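Below: the structure, in structure tokens.
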Amino acid sequence: MSSRIGSRDDVAQVAGEIDPDYPIDPVPRHARKSSFSLVIVLLGFTFFTPTMLAGAQIGTAFEVGTLIWVLVLGSAVLGIYVAVIGGIGARTGLTTVMMCRYSLGTTGAKFASLLLGGTQVGWYGVTVATLAGLTASALDLSGRGIEIALMIAGGALMGATAYYGYKGMYALSLVSVPLLLVLAGWVTWRSLDEVGGWSGLTAIEPSSTLSIAAAVTIVVGTFASGGTQAPNWTRFARTPSAGFWACVVAFLIGELLMLGFGAIGALSFGQGDFVLVLYELGLVGWGLVFLVANLWTTNDNTAYNFGVAGAEIANSRSKKPFVIGGVVIGTLLAITGIYDNLIEYLVWLGILIPPLGGVVIGDFLARWRGGMPDTSVLPAFEWRNLGVYVVAALAAWWSSEAGWFIPPVVGVAVAVVAVVAVQWGRRPVAEPVG
């Protein structure tokens, strides 16, 4: 960013006006983070138990050879998409919802904040429900009252690090990510041993049916919303390439690992969750450690996402009130049973969210590569791009209904191409400040 933005932010920070996570302001150069820090935080985000559940469902539907290619394809689609938008976030220093002010207009961006923030609140509820259910199982607890109490306690705990922002999430991920890798790798080895090694695994026949397009859509859906909001962290990157590669590591490699762990667990033990596999091995204590670390590192990122989305809606320089509000709503959703609709929820996320990221990518390529103008010149609604989003989302939905190709890819591709076509050269006349 230019000195003009840096000076404005530095003065505001000294005055105590800006949240150190800069929810509605470009991140100044002095606040940028190392690539290692970004990778650790993003891996903490993608190491997620419900991703294992998705891998388990996919794993039982294909022979092992086909399964590997399906998981690689889905992870590559997700990873490349997230890496591109993550690189743009590093370039601009802005969150996804703040970039949407440029692509959808200052008022139109509220739709993006509601969509992205709302889906993240839903994910928060799914994760809280997962934590409560598996903890009750591990401790041999029963009763609806106990489960609700666990949901409330877990929801409050996981929101705590998000409340303290990037530093809190980094500190937690720095401990949990290596632990999760070691533990999951060990259990994968035990799972293969359970079925007689790789040859035994390849001999297992599929027990369900699922099209390749549907499987890839589920993979992308696991982090369609969260990945579209990768700029919320990559804006702290020192260079666009650092933001890009941090996303490749986290959303391609990290996602692929989680899906693989879930698929192997399902094939070997009939369980799609490594926590339950640990229980099968009699390692209840380690199962709880894995569960809490796994879900906490993802859900604090989720809370952070709806916190900055709320800050954009209210044009507030503090995300903290919106983190608290989202935690309360997400926990209430968990209590009402959102967990029961996970797979259908993932499919819809894979349809509705990627086109929004495609609009941001296309608009950046068409108009903003030379710098972001002052927001005072932006319209309330950028109708061309809003129209493109609707068309791209409908195209993704049609692709899903017709079983043709991969709906998230269709949505992103239509959005990028259409926005470039309707916006090329239409940059507002203003002094670049980014």
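Numbers below:
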| quantity | calculated |
| --- | --- |
| Within a Gaussian network of the chain (alpha carbon springs, distance under 10 Å), most fluctuating of G168, G154, G358 | G168 |
| Estimated dipole of the chain in Debye, rounded to 20 [Cβ of Lys and Arg +1, of Asp and Glu -1, Cα centre] | 1500 debye |
| Residue order, fewest to most beta carbons within 10 Å, for K33, K167 | K167, K33 |
| Rounded to 10°, Cα long-axis angle of helix 109-138 versus longest principal axis of the chain | 20 degrees |
| Nearest-ten-degree value, helix 64-92 long axis tilted from longest Cα axis of the chain | 30 degrees |
| Extension gain (nm, one decimal) between L394 and L174, 0.36 nm per residue minus Cα-Cα | 75.2 nm |
| Highest average packing first - 95-102, 195-202, 363-370, Cβ atoms within 10 Å | 95-102, 363-370, 195-202 |
| Amide H contacts under 5 Å for A237, placed H, 5+ residues apart | K33 |
| Rough spin-label spacing in nm, given labels placed 7 Å along Cα→Cβ, for S142 and D193 | 3.3 nm |
| The chain: most fluctuating residue of A184, A392, A136 per GNM, C-alpha cutoff 10 Å | A136 |
| Calculated FRET efficiency for the pair A314/A203, C-beta based, R₀ 45 Å, to 0.05 | 0.20 |
| Degrees between helix 407-423 axis and first principal axis of the chain (Cα, 0 to 90, nearest 10) | 10 degrees |
| Label-point gap, in nm, between V417 and S241 - each point 7 angstrom along Cα→Cβ | 3.1 nm |
| Separation in nanometres of the label points that stand 7 Å from Cα toward Cβ, at A149 and V64 | 4.5 nm |
| Efficiency of FRET from Cβ geometry, L386 and L332, R₀ 25 Å, rounded to 0.05 | 0.20 |
| Within a Gaussian network of the chain (alpha carbon springs, distance under 10 Å), most fluctuating of A129, A149, A54 | A149 |
| Fewest-first sequence of I264, I68, I324 by Cβ atoms within 10 Å of each Cβ | I68, I324, I264 |
| Among (i) 1.08; (ii) 0.95; (iii) 1.13, the entry derived from the coordinates for Cα Rg over 2.2 N^0.38 Å | (ii) |
| Alpha-carbon centroids, the range 20-49 and the range 224-301: separation in whole Å | 16 Å |
| Relative contact order of the chain, pairs being alpha-carbon contacts under 8 Å that are 6 or more residues apart, as % | 32 percent |
| Expected 222 nm ellipticity per residue - DSSP helices of 4 or more, -39500 (n - 2.57), all of the chain, to 500 | -23500 deg cm²/dmol |
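Here, each number is a calculation from the coordinates, and none is a lab measurement. Just so it is clear, the model here is predicted, and its values are computed rather than measured. Glycine also receives a Cβ, built like all others from the backbone with ideal geometry; neighbour counts cover every protein chain displayed.
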